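Asks: Input: one structure, supplied below.
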Amino acid sequence: MSTDIDDFLNELDKQPKSKTRSVLIPYESEILELKKRGYTESVILLFLEQKKGVKVAQSTLNWFINSRLKKRLLNEEAPQPKSFQKTLAVEESTTTSAAAISDDEIARRPSWASKTPLSELI
């Protein structure tokens, strides 16, 4: 490799590495409050530009809002294990379908089918 490249890379490695930080972070609570009140992103962009002197693209604001709302949602609700969610779904569907079968439907079953309601079999 050339010495110029080595020198450049060495200098680059010496510089402190900073994380990228959104210019919208200081206004996060205000942005989310406006969104909560039902204002569109266009209005929020206008607010940021006129009151805070910050101009960003609508896609940037959209990404910022969605990522913050997703984070808050994940923090508020502790996720349940998938196996538990599947068990609940099966129990709900079984209960619903068993309760939905009327006596008339049981009577119309073929002769080889059980006449006992599912709720009694479970």
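The values are calculated or read from the model by the stated rules, or taken from the named source; none is laboratory data. Keep in mind the model is a prediction, meaning the values are calculated, not measured. Using ideal geometry, Cβ is built from the backbone for each residue, glycine included, and neighbour counts are taken over all protein chains shown.
Asks: Identify the residue in region 5-26 that is of a type outside the set (S, T, N, Q) and at pLDDT below 75 and, among all such residues, is surrounded by the most Cβ atoms within 10 Å (Cβ to Cβ). Spell out how you get there, then give the answer.
Replies: Initial filter on region 5-26 (of a type outside the set (S, T, N, Q)): 5-9, 11-14, 16-17, 19, 21, 23-26.
Among the residues that remain, those that are also at pLDDT below 75 are: 16-17, 19.
Numbers: P16: 4, K17: 6, K19: 4.
Per the criteria, the residue is K17.
Asks: Residue under question is A89, and the condition is that it be assigned to a helix (DSSP H, G or I), at pLDDT below 95, touching a Leu at 6+ places or on another chain (Cβ under 6 Å) and hydrophobic (A, V, I, L, M, F, W, C); does it hold? Break it down into steps so the answer makes sense when it comes.
Replies: Numbers: assigned to a helix (DSSP H, G or I): yes; at pLDDT below 95: yes; touching a Leu at 6+ places or on another chain (Cβ under 6 Å): no; hydrophobic (A, V, I, L, M, F, W, C): yes.
The answer is no for A89.
Asks: Restricting to region 55-78, and then to whatever is exposed (fewer than 15 other Cβ atoms within 10 Å of the Cβ) and outside any helix (DSSP H, G or I), can you tell me which residue is modelled with the lowest pLDDT?
Replies: Of everything passing the filter in region 55-78, A78 is modelled with the lowest pLDDT.
Asks: Taking S2 as the residue in question, decide whether it is over 21 Å from the mean Cα position of the chain (by Cα) and hydroxyl-bearing (S, T, Y).
Replies: Numbers: over 21 Å from the mean Cα position of the chain (by Cα): yes; hydroxyl-bearing (S, T, Y): yes.
Taking the combined requirement at face value, the residue satisfies it.
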